[in-house]
Each structure stands twice: as C-alpha cells, then as structure tokens.
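Readers should treat all values here as calculations from the given coordinates under stated rules, not as data from a laboratory. Predicted, not measured: the structure shown is a model, and the values here were computed from it. Note that we place each Cβ from the backbone using ideal geometry, even for glycine, and neighbour counts take in every protein chain shown.
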Amino acid sequence: MKYRISQSQLDKIVFKYLDNQDFIPLDIDSRDRVYFVNSDDDEYCQIRYDKLDGWCYINSILIQEISSFFSLEKFDSTQVIGRWIENKLGMEVTRVPPGLSKSNSLLKIPN
C-alpha cells in the first residue's frame, strides 16, 4: 500500500531525523560560515553554510543516508537538508550544490 505525504509532512519527518543526529554547529572562522559536525574534534563537517551568499554544502554520505532511509532522490534530500538549515539558523539557503565528498576542501574545518 502506498501513502501520499505532503512536503511539510516529509520535512517534519526528515527534520526530526536530522535533529536526532545531534549535529554541533560551529561558528569558528569569523561570522561568515557555520559548520555542522558530529563532534568538536572533527576535521571535516557534515554541512557547511555560508552566511554571505546563502550556499549550503552537504557531505555526500549524509545525502546518501537521507536518500536511502527515506527513499528519496538525492536532489530531494539536498533540498530537505537545505530547508532544515534554514529552520535551524533562521537564514535563507539560496543554493545547495550536489553532494561533496567528505575529503572535499569545502567541508574541511579551518584550524
């Protein structure tokens, strides 16, 4: 049996899942970026939000995890994660590029 759920219902479910990941937001390199990490000593972040242009960069592994768990296309997963960031930070996400690998320099946290 298939069920139809609305966009807002899907958002609530995925938001709850992301909230349970207990990401730690770090605002360490001035006021321009926020990094979402699993622990304070992580070298790479799961999500990086650029405050100046509103771009949100997401680890491809996290996108795959959301896609698999909720049976979503990767594009849809990135959009939901972008809306979660908007909700968390109270800021607009203007663009979410395709998922980045964990070793990508855009996800590296500066020392």
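Does residue 76 meet the test of being under 19 Å from residue 11 (Cβ atoms) and without any contact (Cβ under 8 Å) to a residue 40 or more places away in the chain? It is true that residue 76 is under 19 Å from residue 11 (Cβ atoms) and without any contact (Cβ under 8 Å) to a residue 40 or more places away in the chain. Taken together, the residues in the stretch 10-40 that are surrounded by 11 or more Cβ atoms within 10 Å (Cβ to Cβ) and more than 25 Å from residue 53 (Cα to Cα) amount to 5. Just one of the listed residues (85, 81, 61) is in a helix (DSSP H, G or I) and surrounded by fewer than 17 Cβ atoms within 10 Å (Cβ to Cβ), and it is 61. Please tell me if residue 50 is closer than 22 Å to residue 7 by Cα and among the acidic types (Asp, Glu). No.
Could you count how many residues in the stretch 88-111 are assigned to a helix (DSSP H, G or I) and free of Cβ contacts under 8 Å to residues at least 12 places away in the same chain? Please lay out each step first, then the result.
Applying the first criterion (assigned to a helix (DSSP H, G or I)) to the stretch 88-111 yields 88-89, 105-107.
Of the ones still in play, those that are also free of Cβ contacts under 8 Å to residues at least 12 places away in the same chain are 105.
Going through the stretch 88-111 one residue at a time, the tally reaches 1.
Residue by residue through the stretch 38-58, note down the ones that are touching a helix residue (DSSP H, G or I) at 6+ places or on another chain (Cβ under 7 Å), in contact (Cβ under 8 Å) with a residue 40 or more places away in the chain and not in a loop (DSSP other than H, G, I, E, B). Matches in the stretch 38-58: 44, 48, 49, 56, 57, 58.
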